[in-house]
Every structure is written in C-alpha cells, then in structure tokens.
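The structure appears right after this line, and notes come after that.
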Amino acid sequence: MKPVEITDQNFQQVVLDSPVPVLVDFWAVWCGPCRVIAPVMEELAREYDGRLKVGKLDVDHNPDTAAKYGIRSIPSLMIFKEGEAVDMIVGAVPKQQLVRKIEQHLSAA
C-alpha cells in the first residue's frame with residue numbers, strides 16, 4: 001500500500017469524504033526534509049492500511065488546498081477526521097511521534 005496522490009481536484013473525495021481518518025503529507029519535490037520522511041509515510045500507509053488513509057499533496061502543483069489550510073512550511077502533516085482537520089505536525093519528525101499522534105485519533109474513533 002502506497003500513499004495516495006492527493007490533488008486540489010480530488011481533495012474533497014479522497015480526504016474530506018473519507019470514511020477513515022486521513023494523514024496528509026503536504027510536500028514538494030525540492031524539499032529535503034520531505035524526502036527524509038517519504039519512506040516513513042510509505043511505512044505508515046502499509047501499517048495502517050484499512051484504518052488510516054495516507055496521502056501526499058504536492059504544494060507546488062496544488063496551491064489552492066495548501067493555501068486553504070495555511071501551509072507555510074513543509075513538510076506539514078495534517079490529520080483529517082470526518083472532513084475536519086484535527087491535528088497538524090510541522091517538520092520531519094520521528095516515526096514514533098507520528099504514530100503517537102495517529103493512535104490518539106484512531107483510539108478516539
């Protein structure tokens with residue numbers, strides 16, 4: 001299972017209308033820290049398959065969604081639940097920190 005590619009066009013369907021929580025990675029090709037956490041995002045996509053959707057949104061190609069959610073620095077990771085942004089992590093953080101955040105939102109489901 002790989003992270004889903006999210007765009008301005010499919011954001012509503014993939015993220016806001018998702019029946020499970022969604023972790024969105026706001027990133028860009030030129031961003032070094034974004035490349036550092038990319039393998040972590042892939043691991044999370046596999047490990048949480050069916051319980052959490054993991055997606056990546058390239059801010060250079062999808063500026064509308066990035067602007068709507070006030071993304072100023074990347075990587076920014078946002079957790080969406082039932083169409084609402086419920087948490088945000090800025091920067092390349094250790095996987096365990098992401099897992100803790102994800103688990104908080106999954107256990108509250």
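Here are the numbers:
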item	result
Of the criteria (1) in contact (Cβ under 8 Å) with a residue 12 or more places away in the chain; (2) of a type in the set (Gly, Ala, Ser); (3) exposed (fewer than 15 other Cβ atoms within 10 Å of the Cβ), which one Ala45 fails	(3)
Residues of the stretch 5-32 satisfying the condition of being under 12 Å from Leu52 (Cα atoms) and in a strand (DSSP E or B)	Val22, Leu23, Val24
Residues of the stretch 7-37 classified as touching a residue at least 60 places away in the same chain (Cβ under 8 Å), closer than 20 Å to Gln104 by Cα and surrounded by fewer than 19 Cβ atoms within 10 Å (Cβ to Cβ), total	2
Residue match in the stretch 71-91 (condition: of a type in the set (Asp, Glu) and in contact with a Lys or Arg (Cβ under 9 Å, 6 or more places away or on another chain))	yes
Candidate set from the stretch 82-109 (those that are free of Cβ contacts under 8 Å to residues at least 40 places away in the same chain and small (Gly, Ala, Ser)); member that is surrounded by the most Cβ atoms within 10 Å (Cβ to Cβ)	Ala85
Within the stretch 5-41, considering residues that are acidic (Asp, Glu) and within 11 Å of the chain's Cα centre (by Cα), the one farthest from Ala66 (Cα to Cα)	Glu5
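Per-residue answers, yes or no, for (1) within 21 Å of Gln96 (Cα to Cα); (2) in contact with a Pro (Cβ under 6 Å, 6 or more places away or on another chain); (3) in a loop (DSSP other than H, G, I, E, B); (4) not basic (Lys, Arg):
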position	(1), (2), (3), (4)
Glu42	yes, no, no, yes
Arg46	yes, no, no, no
Gly55	yes, yes, no, yes
His61	no, no, yes, yes
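All of the numbers you see were taken from the coordinates with simple rules; none came from a lab. None of the values given here were measured: they were computed from a predicted structure. Note that we place each Cβ from the backbone using ideal geometry, even for glycine, and neighbour counts take in every protein chain shown.
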